[in-house]
Structure formats: structure tokens, C-alpha cells
Amino acid sequence: MSTKPDFDEFVVMRSPRLLRTAFLLTHDWAMAEDLLQASLTRAWFAWRRIDGDPEPYVRKILANTYASWWRRRWTSERPVAEVPEDGVPATDPHALVDVRDELWRSLGRLPKRQRLVLVLRYFEDLSEAEVAEVMQCSIGTVKSQASKALTKLRLDDSLGATV
């Protein structure tokens, strides 16, 4: 039987992974740090009530905090200094980085709920049941949101044949 770590130990050990999740959701390091800080603050107040491994509980707090933030904030297209060029030559040594960047941008254009499903399911490698638990929805909702998100990524012209 494993014992629950104290809060300070948990923060030291699990913050990097939780920060990565927050960044994948927000696409902004400063916002990710704010999201993680707000989530850890909420977790600190509930720490005594958490049984077992606290990471799923804190991840659920992170997802709920993120969801409440995006309900309040207007997110739209963001202007860029230069219009990206279509097609990257295969000999370009930076082509992979450019493709990865465009995938991140495309992920950022997805609706927040679909992005949350993809991040938890494919980047955090959670099962459909674990994602459903974090999002407090059914497994069917997780499946349909993932399917819709992947379809949108496949149809995203800026990705070309990369997905």
C-alpha cells in the first residue's frame, strides 16, 4: 500500500508533468504556469480529503479550471506578422519543426473541449475511461469529441498530408 506524498513532495515530483499538460491546453507558458498555480492552490485546500494517488484529482482540478477559464475568455484568431508559406521542401532541415509547429497551431484552433480530449487521451496517454472521469462526462462523449477533433485535423488544409 503506497502512502500519499505530502503536498510539497507532490508539487516537486509532479509539477513538470502537470505543467506540460497545462501548456498543451493553453499553448502559452505563462498561462500554463498560471493554470497550474491556480490548480495547485485548489488542491492544497483539498489535500486532506484526497485519498490515494492525488495526481488524477489534481489533473481533474486542472481540467476544470481550464474549462472555467475558457468559458470566461474570448478566444479568436490571432494576427501574425507574416502569413505562413504553403509547402515546405523536403530538403529543408527545419521542415519537421515547421510541421510540428503547424500541428500545434491546428490543435489550438480546435474547440477547447476537443483539444482537452486529445491532450488527455494522446499526449497524456490516459484511457478513454480516465479522460471521461477527468472531464466528468461519458466515455461515449470522449470518443465522439476525439473523433470530431481528429476529423477536423484531417480536414485542416494547413496540415496538408501530415496527419
Boolean, Thr141 is touching a helix residue (DSSP H, G or I) at 6+ places or on another chain (Cβ under 8 Å), modelled with pLDDT of 90 or more and among the hydroxyl-bearing types (Ser, Thr, Tyr): yes
I want to confirm something. Restricting to the stretch 9-61 and keeping residues that are among the hydroxyl-bearing types (Ser, Thr, Tyr) and at pLDDT 90 or above, which single residue is nearest to Lys112 (Cα to Cα)? Thr21
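Restricting attention to the stretch 97-112, which residues are within 18 Å of Phe23 (Cβ to Cβ) and either touching a strand residue (DSSP E or B) at 6+ places or on another chain (Cβ under 6 Å) or in a helix (DSSP H, G or I) (or both)?
Answer for the stretch 97-112, where residues must be within 18 Å of Phe23 (Cβ to Cβ) and either touching a strand residue (DSSP E or B) at 6+ places or on another chain (Cβ under 6 Å) or in a helix (DSSP H, G or I) (or both): Val97, Arg100, Asp101, Glu102, Leu103, Trp104, Arg105, Ser106, Leu107, Gly108, Arg109, Lys112.
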Looking at the structure I just gave you, is Leu120 part of a loop (DSSP other than H, G, I, E, B), surrounded by 17 or more Cβ atoms within 10 Å (Cβ to Cβ), out of contact with any Pro (no Cβ under 8 Å at 6 or more places or on another chain) and modelled with pLDDT of 85 or more? no
Matching residues in the stretch 118-141 - criterion: being closer than 16 Å to Thr21 by Cβ and free of Cβ contacts under 8 Å to residues at least 60 places away in the same chain: Leu118, Arg121, Tyr122, Asp125, Leu126, Ser127, Val131
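From the list Leu159, Leu107, Leu153, which residue is at pLDDT below 90, among the aliphatic types (A, V, I, L, M) and over 16 Å from the mean Cα position of the chain (by Cα)? First the steps, then the outcome.
On the way: Leu107 fails: over 16 Å from the mean Cα position of the chain (by Cα); Leu153 fails: over 16 Å from the mean Cα position of the chain (by Cα).
Only one candidate qualifies: Leu159.
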Lys148 versus (1) in a helix (DSSP H, G or I); (2) more than 30 Å from Asp53 (Cα to Cα); (3) at pLDDT below 90: which is the lone unmet condition? (3)
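The values are calculated or read from the model by the stated rules, or taken from the named source; none is laboratory data. All values reported here derive from a predicted model rather than from experimental measurement. Don't worry about glycine lacking a Cβ; one is built from the backbone with ideal geometry, like all the others, and counts go over all protein chains shown.
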